[in-house]
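Here's the structure we're looking at; comments come further down.
The values are calculated or read from the model by the stated rules, or taken from the named source; none is laboratory data. The structure presented is a predicted model; accordingly, all values stated were derived computationally and were not measured. Don't worry about glycine lacking a Cβ; one is built from the backbone with ideal geometry, like all the others, and counts go over all protein chains shown. Side chains included, ligands, DNA and RNA excluded: accessible areas come from the protein's heavy atoms. Shrake-Rupley method; radii C 1.70, N 1.55, O 1.52, S 1.80 Å.
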Amino acid sequence: MQKSRHDVWVGLFVLIGAAAVLFLALKAGNLLSLNFDETYPVVAKFDNIGGLKARAAVKSAGVVVGRVESISFDDKTFQAKVAMQMQKKFAFPKDSSAKILTAGLLGEQYIGVEPGAAEKNMAAGDVITQTQSAVVLENLISQFLFNKAADGATPAAGGSKDGAKK
């Protein structure tokens, strides 16, 4: 009888530990967010979203103010359409801007919202028109290499080899 009671406690402890590990794995993978605050939908269109994913954070001044709900392609404007859920307790002016930023050098991407100066605040269904697309590292590197190659191909301007005037 004594042994079976200990087995029940050990089994219960193992189940609680497994549930805690599962919870931490889902939180670390950004697959679970326990947020019971009321939200309102906002849409932004970007030319290039880079590696932005659904459930990515929407931040302002480093504080998470919402989450990316979905990403789709608008075949009329040929832009990425990002639907976000913003927390109602954070009211942003209608002329706020959004840009895709990266946490660290090669970290995950998120949306940064910079508040504008309009007197009216964003409401459900509004569209953020002022956006800045993601900076793609491969494009920066290829542009740098192209510029260096173009600089190396340009001949030096005039003058003789020894620099003396005749």
Count the DSSP beta bridges whose two residues both fall in the chain, then state the antiparallel fraction as a percent rounded to the nearest 5. 75 percent
Would you mind telling me which residue in Phe146, Phe73, Phe23 has the biggest mean-square fluctuation in a Gaussian network model of the chain, where springs connect alpha carbons within a distance under 10 angstrom? Phe146
Choice from Asp75, Asp95, Asp126 showing the highest fluctuation, given a GNM over the chain with Cα pairs closer than 10 Å: Asp75
Rounded to 10°, Cα long-axis angle of helix 2-28 versus longest principal axis of the chain: 20 degrees
Please work out whether the stretch 50-101 counts as rounded, prolate or oblate from its C-alpha gyration tensor, where a ≥ b ≥ c are the square roots of the eigenvalues and a/c under 1.5 means rounded, while otherwise a/b larger than b/c means prolate and anything else oblate? prolate
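Can you pick out the pairs among Lys99/Lys148; Lys53/Lys81; Lys59/Lys81; Lys59/Lys94 whose Cα atoms lie more than 20 Å from each other? Can you show the working numbers first?
Values: Lys99/Lys148 29 Å; Lys53/Lys81 12 Å; Lys59/Lys81 18 Å; Lys59/Lys94 16 Å.
In this structure, Lys99/Lys148 lie more than 20 Å apart at Cα.
Could you give the size of the charge dipole of the stretch 49-93 about its Cα centre, using +1 on the Cβ of each K and R and -1 on the Cβ of each D and E, expressed in debye and rounded to the nearest 20?
Taking the Cα centre of the stretch 49-93 as origin, the dipole is about 220 debye.
With +1 on each Lys and Arg Cβ and -1 on each Asp and Glu Cβ, how big is the dipole of the chain about its Cα centre, in debye rounded to the nearest 20? The partial results should precede the final answer.
Details: 19 positive and 15 negative charges, 67 e Å.
Result for the chain is approximately 320 debye, rounded to the nearest 20.
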Return the single residue from Lys45, Lys76, Lys27 with maximal mean-square fluctuation; model: Gaussian network over the chain, springs between Cα atoms under 10 Å. Lys76
So how tilted is helix 137-153 from the main axis of the chain? Cα-based, degrees 0 to 90, rounded to 10. 10 degrees
Work out the charge dipole of the stretch 1-113 with +1 on the Cβ of Lys and Arg and -1 on the Cβ of Asp and Glu about the Cα centre, then indicate which of Phe78, His6, Ile49 is farthest towards its positive end. His6
So the carbon and sulfur contribution to the accessible area of the chain, 1.4 Å probe, in percent, is 62 percent
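Suppose only helical runs count, i.e. DSSP H with n ≥ 4. What mean residue ellipticity at 222 nm does that imply for the chain under -39500 (n - 2.57) per run, divided by all residues and rounded to the nearest 500 deg cm²/dmol? Display every interim value, and only then the final one.
Working: 2 runs with 44 residues, N = 166.
Result for the chain, helices only: -9000 deg cm²/dmol.
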Which of the following values of P(r) over Cα pairs in 10 Å bins from 0, in percent was calculated from the structure shown: (1) 9, 21, 19, 22, 18, 8, 3, 0; (2) 9, 26, 22, 14, 11, 9, 6, 2, 1, 1, 0, 0; (3) 11, 42, 36, 10, 1? (2)
Counting only protein heavy atoms and leaving out ligands, DNA and RNA, the solvent-accessible surface of Glu69 at a 1.4 Å probe, in Å² to the nearest 10, equals 100 Å²
Per residue, how much accessible area does the chain have with a 1.4 Å probe, in Å²? 72 Å²
Using a 1.4 Å probe on heavy atoms of the protein chains only, the accessible area for Lys3 in Å², nearest 10, reads 150 Å²
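What ranking of Leu105, Leu12, Leu145 comes out by heavy-atom accessible area, probe 1.4 Å, highest first? Write out the running numbers ahead of the final one.
Values: Leu105 150, Leu12 80, Leu145 100 Å².
Output order, biggest surface exposure first: Leu105, Leu145, Leu12.
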